[in-house]
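Here, each number is a calculation from the coordinates, and none is a lab measurement. Given the structure is predicted, the values throughout are model-derived calculations rather than measurements. Neighbour counts are summed over all protein chains in view; Cβ atoms, including those assigned to glycine, are modelled from backbone coordinates with ideal geometry.
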Amino acid sequence: MLTGSAAEADLRVESGVATIVLSGDWTLEQPLPRADELLDARKADPGVLRTVAFDSSALEEWDSSLLIFLTQCEAYGEEHQLTVETAGLPEQLPRLLALARAVPERTTPDAPERARFLARMGLSVVTGYASARASITFTGEVAIAAGNLVRRRVGMRWRDFWVVVQSNSSGALPIVTLIALLVGIIIAFLGVVVLKRFGAGYYVSYLVGFGMLREMGALMTGIIMAGRTGAAFAAELGSMKITEEIDAYTTLGISPVEHLVLPRMLGLFVMMPLLTIYADFVGIVGGMLVSMWMLDLSATQFFGGLLDAVTLSDALLGVIKGVIFGAIIGIAGCLKGLQTGSDAGAVGRATTSAVVVGITLIILANAVMDWLAALLEV
Amino acid sequence: MTPAVTAPAVIAPVISTPTTGTPAIEVRGLTMQYGDLVIMNNLNFSVRTGEVFVLMGGSGSGKSTLLKHLIGLKAPAHGTILFEGEAFDLENDATRKRVLRRMGVLYQNGALWSGLTLAENVALPLEEFTELGAEAIAEVVALKLSLVGLRGFGAFYPSAISGGMRKRAALARAIALDPDVLFFDEPSSGLDPISASRLDDLILELKASFGTTIVVVTHDLASIFRIADRALFLDIDKKTMTALGPPAELRDNPPSDEVHRFLTRSSEGLS
């Protein structure tokens, strides 16, 4: 949006002095003349010009734009060995220019060359090693803190513990219910379609039972809680890191692990197995509904078939997985939160990292436990 | 020796309303509230064009809240705020933008956008509100960064510089559009005395060169006596303004014990 009269600069040359006549409103909202273009018009006869002067008698409003024009004139004068006289300008301009030049320009060093492929690989290994070491150290600190709690050597803030318990019970039930129900339904659909081909549709209850109790109940609960609670832990502790609350604990000689991490870990430790059992149950109900609808099985037939095949160790395996997943989520969330940087984007990065690391480790741990279960014939 | 000071029986006569100059900002009967909690009552004052106007008062007296009202971040519970005679209508987007275009704000912590370099921070208002080309914008950015003593720092991200430098970069952003009115929220907090003094110099230079109206929220007495043409005192106990005038006059003839204690940095008479 243009306002006022246009900014204009005309050149008048007399006796080696190029006088720039300024008129109109010189504001940032106007298209502005460039000094180099104006003075270049006299370039054909460079020997004639010795001085650049200004006439601002017709100048109306002005702001920084005029200061920029003056800097352009000075740069041009320096390049072409011309003297720039500022006497004809508003008196504030040279003063502002002096203020702008009061601090010397910082010379920024050249950006370091991008490291070569091998160097980058090496750096990744070093970073990975440091990160793994930090995780192990942190896990050790949490274990020591837990040991101290058992021996009553530390006082834990039980209020924080109950907040985590509440958040992971009633707060998490809707999403766990929905996902577990859908997973149970999906397993049952798969079973109905595949097993029917072999005339073994009745065994769908086996598939749902084994699938939910050994694998999907704990796995899906772990993934949900990594996205929900792990992210929340990272964001809470990350925000506390930025506002120096963690430093305040440390400088008072209070362990942030005991006061902040332990209640969260313990809350998850208690709630994850319970949520896993709940997810198992809801998933099995989902599978039963599909079986009743597509195979005309009764609830008694479904559960009868399921209990024939599924043993207590199958259910216990899932619960143990839930406990381990809870520990992974807690450690990933709290560690990433405590490792948060100091800029505004750091909390976001810590949260993302907590979720990604949590889910990856959960799936990895699941594979390892399945392998161990197969070895031990559980 | 503390001069004998008594609280005025009637608050209104203490406040000298401006008799000269066009008001850049006019506040009429402003009441500020957070929910049902009244912060300040019945504020009436005007900020003259081209003056440095300081909002002062004890911690929690509502200075920053008043600033938020002046820059349109909070709506008055009662009363009106006029910006050069125009009501600051928060609901009308066109009016709001037109008024905001003429304001610059330096927030207490700088509030630089962390995902942008310093140059990009300063360039953004120019890209949004002017039709300048990329080359002209780069020149304006370089000039503004130079004015705040940050020549050559354009490529840095806010996280890579100190708190004082962040504040100066934020000032470069605030003056990017050569605003008519500049608001400063605690400009010297977190700055060393030299940087704080340099900031005061810059405030005075902006006033002298561009005729910028400047509203400053501050506790810094040295700064108040150096830069302020007039100062407004918010009294946390009375929940209203109890003094308005040149700071030296208020110090020499304090209208209340609170103003006297504030301007002489004294806790005398407090139980």
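Can you tell me the mean projection area, over all orientations, of the convex hull of the protein assembly as shown's alpha carbons? Units nm², please.
Details: hull surface 178.0 nm².
Mean shadow area of the hull around the Cα atoms is 44.5 nm².
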Next item on the list: Report the semi-axes of the equivalent ellipsoid for the range A:137-253 in whole Å, largest first, where each axis is √(5λ) for an eigenvalue λ of the Cα gyration tensor.
Entry: 43, 16, 12
Check: Got a sec to turn the phi values of the range A:320-327 into Karplus ³J(HN,Hα) couplings, 6.51 cos²θ - 1.76 cosθ + 1.60 with θ = phi - 60°, whole Hz, x for Gly and Pro?
Finding: 4, 4, x, 4, 5, 4, x, 5
Checklist line | Distant-in-sequence amide H partners of A:Thr19 (H built 1.01 Å from N, under 5 Å) | finding: A:Arg12, A:Val13, A:Glu14, A:Ala53
Checklist line | Charged-residue dipole, Cβ positions (Lys, Arg, Asp, Glu), chain B about Cα centre, Debye nearest 20 | finding: 260
Notebook entry, point to check: Can you tell which of A:Tyr206, A:Val126, A:Gly140 lies farthest toward the positive end of the dipole of the range A:126-237, using +1 and -1 charges on the Cβ of basic and acidic side chains (Lys, Arg; Asp, Glu)?
Noted result: A:Gly140
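For the range A:16-85, build the convex hull from the C-alpha positions and give me its volume per residue in Å³. Present the calculation step by step, with values, prior to reporting the outcome.
On the way: hull volume 5.4 nm³, N = 70.
Per residue, the Cα convex hull of the range A:16-85 comes to 77 Å³.
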Notebook entry, point to check: Could you give P(r) for chain A, binned at 10 Å from zero, as whole percent values over all Cα-Cα pairs?
Noted result: 5, 16, 17, 12, 10, 10, 10, 9, 7, 3, 1, 0
Next item on the list: Could you tell me the distance between the Cα centroids of the range A:135-180 and the range B:165-220, to the nearest Å?
Entry: 48
Check: Once the principal axes of the Cα atoms of the range B:115-271 are found, what is the range along each, listed largest first in whole angstroms?
Finding: 59, 30, 25
Notebook entry, point to check: Picking from A:Val257, A:Trp26, B:Val99, whose Cα lies most toward the positive end of the charge dipole for the protein assembly as shown (charges on Cβ: Lys, Arg +1; Asp, Glu -1)?
Noted result: A:Val257
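Charges only on Cβ, +1 for Lys and Arg, -1 for Asp and Glu: so what's the dipole of the range A:147-208 about the Cα centre, in debye to the nearest 20? Please report the intermediate quantities before stating the final value.
Working: 7 positive and 1 negative charges, 75 e Å.
For this selection, approximately 360 debye.
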Notebook entry, point to check: Can you list the HN-Hα couplings for the range A:356-372, worked out from phi with the Karplus curve (6.51, -1.76, 1.60; θ = phi - 60°), rounded to whole Hz and with x for Gly and Pro?
Noted result: 4, 5, x, 5, 4, 5, 4, 5, 5, 5, 4, 4, 4, 5, 5, 5, 5
Next item on the list: Take the alpha carbon gyration tensor of chain B, find the square roots of its eigenvalues, order them as a ≥ b ≥ c, and report rounded if a/c is under 1.5; if not, report prolate when a/b exceeds b/c, else oblate.
Entry: prolate
Margin query: Going by amide H atoms built from the backbone, whose H comes under 5 Å of the H on B:Asn109, apart from near neighbours?
Written below: none
Check: Nearest-5 percent of antiparallel DSSP beta bridges in chain A?
Finding: 40
Note to self: Between 0 and 90 degrees, rounded to the nearest ten: what's the tilt of helix A:262-294 against the longest Cα principal axis of chain A?
What the structure shows: 60
Next item on the list: Mind jotting down a quarter of the surface of the convex hull over the alpha carbons of the range B:83-164, in square nanometres, one decimal?
Entry: 6.7
Next item on the list: Using θ = phi - 60° and the Karplus relation 6.51 cos²θ - 1.76 cosθ + 1.60, list the HN-Hα couplings for the range B:204-216 in order, rounded to whole Hz, with x at every Gly or Pro.
Entry: 5, 5, 5, 5, 5, 7, 9, x, 5, 7, 10, 10, 10
Next item on the list: Search the structure for amide H atoms under 5 Å from the amide H of A:Leu297, placed 1.01 Å from N in the peptide plane, and list their residues when 5 or more places away or on another chain.
Entry: A:Met292
Margin query: Can you give the log10 of the normalised intensity I(q)/I(0) at q = 0.10, 0.14 Å⁻¹, computed with Debye over equal Cα scatterers of the range A:99-187?
Written below: -0.74, -0.88
Next item on the list: Just the number, please: Stokes-Einstein D of the range B:195-246 in µm²/s, Kirkwood Rh from C-alpha pairs, 10 °C, 1.306 mPa s.
Entry: 130
